[in-house]
Each structure stands twice: as structure tokens, then as C-alpha cells.
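Visitor: To start, I am sharing the structure in question, which I have written as C-alpha cells.
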Amino acid sequence: MPLIRHCRFTAIDFESAGATRGKTDSPVQVGLASWSEAAGHSQPFVSFLHTTQPILWSAQKVHGITPADLIDAPALLGLWPELKARLAGAVVVAHGKGTEKRFLRAFPGHGFGPWIDTLLVARAAWPTLPDHSLSALCEVHQLTATIQSLVIRRAWHDALFDAVASLVLLAHVIDTHSLIDESLEVLLYPDTSLWHRGRR
């Protein structure tokens, strides 16, 4: 297992159309960005995604993406070369990784990973915090201004903004808990037992 300082971390985030009863959800935007100890923050990428599903009003209220934004947008499958180039060989990062892993099933056998879930990492790092949502964590640790400086003219629930936010949060955990020379394993399998104990 490599040391954290030798890893390239690539975060991915999807925004979706919203799920209707009896149908699966569909992505409408994807954002990716990378971070490493040596290179810092780099390689931002964001794209709207074509979908045949209507964007639910409830979803639009969260991320502000409308059908007009998706005109001429590529399908997710059409971005395979881009995603493969960015995710292959990287440690993949997401905050609450379930959605991202589910949408990437569009590429069977893609082999991306290992995966770090910054939601679980944050629960292990700060088990007594009342809110472990990405925005709440970044606010409490005064990271929002850093994210805004890296992602100009974007905000929460934009796929690129949220991807960069998860990397800024991850870097903050690594720094404040002195993990840079630890094995990657401590991030892959964070100990959330104290958080679970507090939920009882």
C-alpha cells in the first residue's frame, strides 16, 4: 500500500436529474479534479451531460441546472476517453461515493479505484460534529474561501465545485491529522466506530 504523499487523488462528482418513481436517476453534470502533495490542485474538468429524462423541479432547485444547459451536451458514454485518462491510476475520491460509483457503472469493468469516501473519512476525523455534509464540513473548518479561489464563479452543487471541495477537505484531514507519511490504507478504511457510538 503506497504512502499518501505518493498518491494522486482524483475527485469526481455528479449532479443528477432526480429520480422519479419506477425509474433510475440520470446524471446531468460531471466534475473532476486532481490533487497530490507534490503537484497540488490541478486538472479541473466539468461538463453537462445529455439525458433523455426530464430534470425534476426538486433537482433544479438544488443545482440550478435546466434543460437549456444540456443542449448539445455529450452523453456520459461519449466522455469515456476523458474520464479514463483522468481516473486511471488515481485514487478516486467522492463525498458519499454511492452516487458516483453507481453512475460509473455505465462503463462496465472500468477498474477505477481504489475509492476514498470523504464522508467516512470526516466521520472518523471529527466524530462529534453534528453535520458531516460536504458544505457544513468546509464551513466549520473555514475551507470555503480556498475552494472559491480554486473554482471561480461556481458554487455548491456544481459538480466541479463539489469535486474540488472534497479534495480540499481531504487535504485538510491529511494536514491536521499528520497523515502525509501514513499508508493510504488509513484513508481507504477509516475508523468510524466513535461516530457510530455517538449515534446510538
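Visitor: Would you tally the residues in region 153-194 being more than 21 Å from Pro44 (Cα to Cα) and out of contact with any helix residue (DSSP H, G or I) (no Cβ under 7 Å at 6 or more places or on another chain)?
Guide: Adding up the residues that qualify gives 10.
Visitor: Could you check region 95-110 and list, in sequence order, the residues that are of a type in the set (A, V, I, L, M) and either surrounded by fewer than 16 Cβ atoms within 10 Å (Cβ to Cβ) or over 13 Å from the mean Cα position of the chain (by Cα) (or both)? Give the steps one after another, and end with the answer.
Guide: So the first thing to find is which residues in region 95-110 are of a type in the set (A, V, I, L, M), and the list is 104, 106.
The one that is of a type in the set (A, V, I, L, M) and either surrounded by fewer than 16 Cβ atoms within 10 Å (Cβ to Cβ) or over 13 Å from the mean Cα position of the chain (by Cα) (or both): Ala106.
Visitor: Here is a further query. For region 47-94, enumerate the residues that are modelled with pLDDT under 95, among the aliphatic types (A, V, I, L, M), surrounded by 15 or more Cβ atoms within 10 Å (Cβ to Cβ) and in a helix (DSSP H, G or I).
Guide: Residue satisfying the conditions is Ala59 alone.
Visitor: Tell me which of these Met1 doesn't satisfy, since it passes every other one: (1) closer than 28 Å to Asp181 by Cα; (2) surrounded by 12 or more Cβ atoms within 10 Å (Cβ to Cβ).
Guide: Only one criterion is unmet by Met1, namely (2).
Visitor: From the list Asp72, Asp131, Asp162, exactly one residue is among the acidic types (Asp, Glu) and in contact (Cβ under 8 Å) with a residue 60 or more places away in the chain. Which is it?
Guide: Asp162
Visitor: Spot the failing condition for Gln142; the list is (1) in contact (Cβ under 8 Å) with a residue 40 or more places away in the chain; (2) part of a loop (DSSP other than H, G, I, E, B), and only one is missed.
Guide: Failing condition for Gln142: (1).
Visitor: On to the next question. If I filter region 133-152 down to residues being closer than 21 Å to Phe45 by Cβ and of a type outside the set (A, V, I, L, M, F, W, C), which single residue comes out as surrounded by the fewest Cβ atoms within 10 Å (Cβ to Cβ)?
Guide: Residue satisfying both the conditions and the ranking: Ser149.
The values are calculated or read from the model by the stated rules, or taken from the named source; none is laboratory data. Quick caveat: nothing in here was measured; it's all calculated off a predicted structure. Cβ coordinates were reconstructed from backbone atoms using ideal geometry, including for glycine residues, and neighbour counts include every protein chain displayed.
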